[in-house]
Amino acid sequence: MTGAAQGGKAPSLAARRERTSLGVKLLNAPYLLWSVIFIVVPILMVVFYAFSETASYYAISFSAGGQEYSCELPAGEGEEALTLEEAKEKAAERYGVALSEAEFTRATLEIRSGGFTLENLRQVWSPSSRHAMLLSFLYSFAATAISLVIAYPFAYVLSRSGAKSQRIQMLLIMLPMWMNMLVRTYSWQQILENNGIINKVFAFFGLGQATMLGTPGAVILGMVYNYLPYMILPIYTVMSKIDVSLLEAADDLGCNGFQKLCRLILPLSVPGVISGLIMVFVPSISTFYISQKMSNGMIKLVGDLIESKIKDQWGSGGLNVGAAMSLVLMVIILVCTFVMNRFSDEDGGGMVV
Amino acid sequence: MERFIELRGISKIYDGEKVLDNIDLDIHDKEFITLLGPSGCGKTTTLRIIAGFVTPDEGNVYFNGQEVSEVPPYKRPVNTVFQRYALFPHLNVFENVAFALRLRKTPKAEVEKRVREMLELVRLESFAKRGIDKLSGGQQQRVAIARALISRPKCLLLDEPLAALDAKLRKDMQVELRRIQRETGITFIFVTHDQEEALSMSDTVVVMANGRIQQIGSPIDIYNEPQNAFVADFIGESNILDGVMLADRRCRFARTNFDCLDAGFAPNEPVDIVIRPEDVDVVPPERGMLRGTVTAVTFKGVHYEIIVDIDGFKWMIQSTDFVAAGENIGLYIEPDAIHVMKKSEFSGMFGDYSTFSDEMDEENAANELPSDGEAEN
């Protein structure tokens, strides 16, 4: 009797669970669709372009002395670029035919794309892009370190101040973020310019002009200024979650302020620090706008290089090299993130990323 | 026993509300003293003042006769076991217990030895390498005690330490705490809202309400000789009646005159009369000093809890003999079952059993405590 009753109940329960899970799936569907279209597909495209070639070439066919010849010549880039006439000349030369004897049946510029190649990745390792990568790495590392030094004490004070003052301080942190980042960076450019506000103040006091725009310091300042809130917020979140009674227990057991910081607050805030490091490092290393504006285009970071490559004329293969650079950058970021996450606790209670 | 901690005229005001009002308290060496009271009575504030986390607005605290208001918490010879243990989540059991020693750069071998000793004392020897989040509530509790005891304080302060444990574990921990107190031979100041806990563990119980001490005494004194209606109601079950002292050893309540053992009141002084449910004998109506109708009977295991309506006042009586609801019974009250108290601010606040207060008590308890779930985190 009971068995039968249970038997009758079980499928209906299971069915209900299935229905809810279907409902959950449906609710999830828009997000899933969104991620596929705007995250998965673009990444696949990056991978595809990184490993495929786009090359322009001259397809040339001619006849001479009753014989047919045809060949393909790379159109080349920049100083090596060939004009159509030069290409014809080269083609004739290749077969030992005098240009005057050749009767061209076909001479066109063609673009070939889609073939597998490792050439793009090889170009990522070119001296200019290596240099940009190194600079990006150094600058974003510096920016992250400076942000941490500023944010950590601030987050601590913030988390320990009264509820009202916490709200006001939070507002002050968030306020600049209501403005577009491009606008904010542009205003920094105005401030640091040779005849900008700072130099005007210097001039007023009879001090010399200081060239600030275009220096690494300006670029790093731009990064710190723009991404500092991303360092403060996760650290603040983790710190405000530290139970007051833990601090009291530390007091009770004989901690002075410094010991409390080293033995309690520091280890307990590691997850927030890791989140902050990642959230500042990742956008800093891939930025192009900040470096462009703060260096007047004089300092080229990897982001700038990718931008200029992608902006290259279609057919030059720039898009593919840009994709390869993006891919390498992405892998570097993933590795960094992974390594940093290893330092945080496995529970990662405070992880924001 | 020597006087160890003295509180003199302690008052504390939070947001215009006086949470402690002129507290005087002596705490002796090697004593197990319990601050007992409902939530908001000021017991935890008193404890925190002794620990040094809270500075009183008025009054002084003395340790061995020395004023300590300028002494920070860690320089006082006391350590605290916090309500939700406050164990350090990033350290394992061993390092939590060793914390105070590590701060003082104690040699490794001694740390090892003393932590082992402490873990042995709280019976967690095999858990040294365990993470805090892998412990049950009772085990966390014991780690907290070991951590507080390792710096060999003269006094351990315990703030509702058993509140987050389930009933069975709580009983075990009560025995355990008494054993630890005996073995270490130090003073325990224990804060609880659970009167049963207070009675079964303490040498001295301090009953607090509305920021004032209502009564200080041994558990037996507190139970048998409550000083006012609040204490009588808060500790155990009691029938509290309006009465008049006719003369020494003669009182009147429930429209009946009784012999009693109390004396020293003015003639015809209005008083509160306390009669414990277990001190009333159920007899046939014709032999009863009072007669009434049974309105409810609840089986409680050892005894029946019987609610009797006598002239509209609902008495609670505990009896091992069964009576049926609706039955007419008589009550017989011996002179030593009657306890007479002076009228106080609490007179009339606690009356009969026409409404059960159990639910309210539970609510009070729940308000005072974090939920178990939180404590586990």
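So how do B:I33, B:I216 rank on accessible area, 1.4 Å probe, biggest first, that is with the largest at the start?
On the way: B:I33 0, B:I216 85 Å².
Accessible-area ranking of B:I33, B:I216, largest first: B:I216, B:I33.
List residues of the range A:277-305, by number, whose backbone nitrogen lies under 20 Å from a label position 7 Å along Cα→C-beta of A:F141.
A:277-288, A:291, A:299-305
Can you compute the FRET efficiency between A:N256 and B:V175 using 1/(1 + (r/R0)^6), with r the Cβ-Cβ distance and R0 = 25 Å? Round to the nearest 0.05.
Details: r = 37 Å, r/R0 = 1.50.
My answer for the efficiency is 0.10.
Mind pulling the angle between the C-alpha long axis of helix A:2-35 and the longest principal axis of chain A? Nearest 10 degrees, somewhere in 0 to 90.
Compared with the principal axis, the helix lies near 50 degrees.
For the range B:136-266, compute the orientation-averaged projected area of the C-alpha convex hull (one quarter of its surface), in nm².
Details: hull surface 41.7 nm².
Mean orientational projected area (the range B:136-266, Cα hull): 10.4 nm².
What is the local net charge at B:Q83, summed over the other residues whose Cβ is closer than 9 Å to its Cβ (Lys, Arg +1; Asp, Glu -1)? If you can, show how the numbers build up before the last one.
Working: positive: B:R84; negative: B:D159, B:E160.
Once all neighbours under 9 Å are counted, the net charge is -1.
Specify the longest stretch of chain A that does not include any exposed loop site, a site being one of the chymotrypsin sites (Phe, Trp or Tyr not before Pro) with a non-H, G, I, E, B DSSP assignment and at most 15 other Cβ atoms within 10 Å. Spell out each step's value before the answer.
On the way: sites that count: A:Y95, A:W125, A:F205, A:W314.
The reported range is A:206-313.
Please compute the modelled spin-label separation between A:V244 and A:Q166, points set 7 Å along Cα→Cβ, answer in nm with one decimal.
Using points 7 Å along Cα→Cβ, the separation is 1.0 nm.
At 10 °C and 1.306 mPa s, what whole-number value in µm²/s does Stokes-Einstein give for the translational diffusion of the range A:56-116, with Rh from the Kirkwood sum over Cα pairs? Don't skip to the answer; put the middle values down first.
Working: Rh = 11.9 Å.
After rounding, the answer is 133 µm²/s.
Tell me the relative contact order for the range A:56-116 as a rounded percent, counting alpha carbon contacts under 8 Å between residues six or more apart. Spell out each step's value before the answer.
Numbers: 92 pairs, mean separation 28.4, N = 61.
Over the range A:56-116, the number comes to 46 percent.
May I ask you to derive the relative contact order of chain A, considering only C-alpha pairs under 8 Å and at least 6 residues apart, and to give it as an integer percent? Don't skip to the end; give the middle numbers.
Working: 428 pairs, mean separation 74.7, N = 353.
Relative contact order, chain A: 21 percent.
To the nearest 20 Debye, how big is the dipole of the protein assembly as shown about its Cα centre, given +1 on the beta carbon of each Lys and Arg and -1 on that of each Asp and Glu?
Working: 68 positive and 88 negative charges, 487 e Å.
For the protein assembly as shown, the charge dipole is close to 2340 debye.
If you project the alpha carbons of the range B:92-153 onto the principal axes, what extent comes out on each, in Å, largest first?
So the extents along the principal axes, rounded to whole Å, are 30, 21, 17.
For n ≥ 4 DSSP H runs only, could you compute -39500 (n - 2.57) per run for chain B, divide by its residues and tell me the 222 nm figure to the nearest 500?
-8000 deg cm²/dmol
Please report, to one decimal in angstroms, the Kirkwood hydrodynamic radius of the range B:3-224 built from all distinct Cα-Cα pairs. Show your work: numbers first, answer last.
Numbers: mean 1/r = 0.0560 Å⁻¹.
With all distinct Cα pairs of the range B:3-224 included, I get 17.9 Å.
Where does the range B:162-238 land on Rg(C-alpha)/(2.2 N^0.38 Å)? Let's see the in-between values first.
Details: Rg = 13.1 Å, N = 77, 2.2 N^0.38 = 11.5 Å.
The reported ratio for this selection is 1.14.
At q = 0.19 Å⁻¹, what base-10 log of I(q)/I(0) does the Debye formula yield for the range A:210-314 when every alpha carbon is treated as an equal point scatterer in vacuo?
Treating every Cα as an identical point scatterer, log10 I(q)/I(0) equals -0.91.
Between the range A:282-301 and the range A:193-259, how many Å separate their Cα centres?
Between the Cα centre of the range A:282-301 and that of the range A:193-259, the gap is 20 Å.
Find the Rg to Rh ratio for the range B:240-348, where Rh is the Kirkwood radius over alpha-carbon pairs and Rg uses the same atoms.
On the way: Rg = 14.3 Å, Rh = 14.4 Å.
Radius of gyration relative to Kirkwood radius: 0.99.
Take the alpha-carbon positions of the protein assembly as shown, form their convex hull, and give its projected area averaged over all directions (one quarter of the hull surface) in nm².
On the way: hull surface 227.4 nm².
Mean projected area for the protein assembly as shown: 56.9 nm², to one decimal.
Any lysines with Cα under 30 Å of the A:K260 Cα? List them, leaving off those in the same chain fewer than 8 positions away.
Within the straight-line limit of under 30 Å, A:K260 reaches these lysines: A:K164, A:K241, B:K12, B:K43, B:K75, B:K105, B:K108, B:K113, B:K129, B:K134, B:K154.
Roughly speaking, what % of Cα-Cα pairs in chain B are separated by over 33 Å, rounded to a whole number? Let's see the in-between values first.
On the way: 28537 of 70876 pairs.
So the portion of pairs separated by more than 33 Å is 40 percent.
In Å², nearest 100, what accessible area do chains A and B bury in total when the solvent probe is 1.4 Å?
Numbers: alone 21240 and 17910 Å², together 37400 Å².
Chains A and B together bury approximately 1800 Å².
Could you give the alpha-carbon Rg of chain A over 2.2 N^0.38 Å, rounded to two decimals? All intermediate terms of the calculation are to be shown ahead of the outcome.
Details: Rg = 30.1 Å, N = 353, 2.2 N^0.38 = 20.4 Å.
Compactness ratio reported: 1.47.
Could you calculate the FRET efficiency of B:A109 with B:K129 from 1/(1 + (r/R0)^6), where r is the beta carbon distance between them and R0 is 22 Å, rounded to 0.05?
Plugging the Cβ-Cβ distance into 1/(1 + (r/R0)^6) gives 0.75.
Ordering B:T34, A:T337 from largest to smallest accessible area (1.4 angstrom probe), what's the sequence? Let's see the in-between values first.
Values: B:T34 0, A:T337 25 Å².
Listed by decreasing accessible area, they come as A:T337, B:T34.
Relative contact order for chain B: what is it in percent, counting Cα pairs under 8 Å that are at least 6 residues apart?
Details: 768 pairs, mean separation 59.6, N = 377.
With pairs under 8 Å counted, the relative contact order is 16 percent.
Label-point separation (nm) for A:N28 and A:I198, each offset 7 Å from Cα along Cα-to-Cβ?
That separation, rounded to one decimal, is 5.0 nm.
Give the accessible area for B:E58 in Å² (nearest 10); use a 1.4 Å probe, count only protein heavy atoms, and leave out ligands, DNA and RNA.
100 Å²
The values are calculated or read from the model by the stated rules, or taken from the named source; none is laboratory data. Fair warning: this is a prediction, and the values are worked out from it, not measured in the lab. As a convention, Cβ positions derive from the backbone with ideal geometry for all residues, glycine included, and neighbour counts pool all protein chains shown. Calculation scope for accessible area: heavy atoms of the full protein, side chains included, ligands and nucleic acids excluded. Shrake-Rupley method; radii C 1.70, N 1.55, O 1.52, S 1.80 Å.
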